[in-house]
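The values are calculated or read from the model by the stated rules, or taken from the named source; none is laboratory data. Predicted model only: the values in this text are computed from it and were never measured. Neighbour counts run over all protein chains shown; Cβ positions are idealised from the backbone, glycine included.
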Amino acid sequence: MSVPWHNRLRQPHTDDTDNGQISILIIGMMLICLLALIVIMAITSVYLAERKLQAHADNAALAAADSFRGLRIPDDGAGRPAAELTDASVSGAATSYLTEVGAEFDLDSLSIGAGTGTTDGRTAQVTLEAVAHPPVVAWIIPSGVPISATGDARAEFEQ
């Protein structure tokens with residue numbers, strides 16, 4: 001004998017096999033979203049620290065290129081005079097710039113790298129190194145993420 005349709009609606013549902021499974025799925029998806037958010041925050045933090053370090057390297061190279069002390073005058077007298085830079089003057093100007101702007105407060109373990117100097121006597125190259133500490137995951141990477149940036153600037157002398 002079949003039950004009329006209006007009585008079927010009133011009968012309680014007795015199949016309990018799906019109860020609680022959707023809660024586990026929601027909790028799992030929330031954990032995955034939270035982990036993705038933490039990873040994105042860490043990557044963004046390291047990227048922003050690297051951009052800040054790159055800006056300091058570019059500005060320090062520009063300050064070093066502007067601080068030339070001597071001019072190289074061609075022997076034949078027909079060429080243009082050129083600015084002369086030395087490794088020591090580039091390193092000293094970069095250090096002075098970084099101290100003046102307080103860059104050591106912007107980045108942890110800021111130091112001038114080994115590539116700082118000049119290769120041709122006219123181009124200042126400043127390499128900076130620092131450590132980025134991303135939020136939330138600092139307990140996973142307590143020493144931080146090492147970052148470096150190199151900035152170049154050419155010293156030009158105009159008459």
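Only one residue in ALA130, ALA149, ALA155, ALA124 is buried (at least 18 other Cβ atoms within 10 Å of the Cβ) and in contact with a Lys or Arg (Cβ under 7 Å, 6 or more places away or on another chain). Which one? Being buried (at least 18 other Cβ atoms within 10 Å of the Cβ) and in contact with a Lys or Arg (Cβ under 7 Å, 6 or more places away or on another chain) holds for just one of ALA130, ALA149, ALA155, ALA124, which is ALA155. Quickly run through segment 100-114 and pick out the residues that are within 23 Å of GLY144 (Cα to Cα) and more than 19 Å from the chain's Cα centre (by Cα). ALA114, the sole residue that qualifies.
Can you find a residue that is closer than 26 Å to VAL39 by Cβ and modelled with pLDDT under 90 anywhere in segment 76-85? Looking for residues that are closer than 26 Å to VAL39 by Cβ and modelled with pLDDT under 90, one finds none in segment 76-85, hence no.
Restricting SER109, SER45 to residues that are at pLDDT below 95 and either surrounded by 15 or more Cβ atoms within 10 Å (Cβ to Cβ) or among the basic types (Lys, Arg) (or both) narrows the list to SER45.
Among the conditions (1) modelled with pLDDT under 95; (2) more than 29 Å from ALA149 (Cα to Cα), the only one that MET30 does not satisfy is (1). If the condition is being surrounded by 14 or more Cβ atoms within 10 Å (Cβ to Cβ) and either of a type in the set (Val, Ile, Thr) or free of Cβ contacts under 8 Å to residues at least 24 places away in the same chain (or both), then segment 112-121 contributes ILE112, THR116, THR118. When segment 53-68 is limited to residues that are part of a helix (DSSP H, G or I) and surrounded by fewer than 18 Cβ atoms within 10 Å (Cβ to Cβ), the one that is farthest from the chain's Cα centre (by Cα) turns out to be ASP58.
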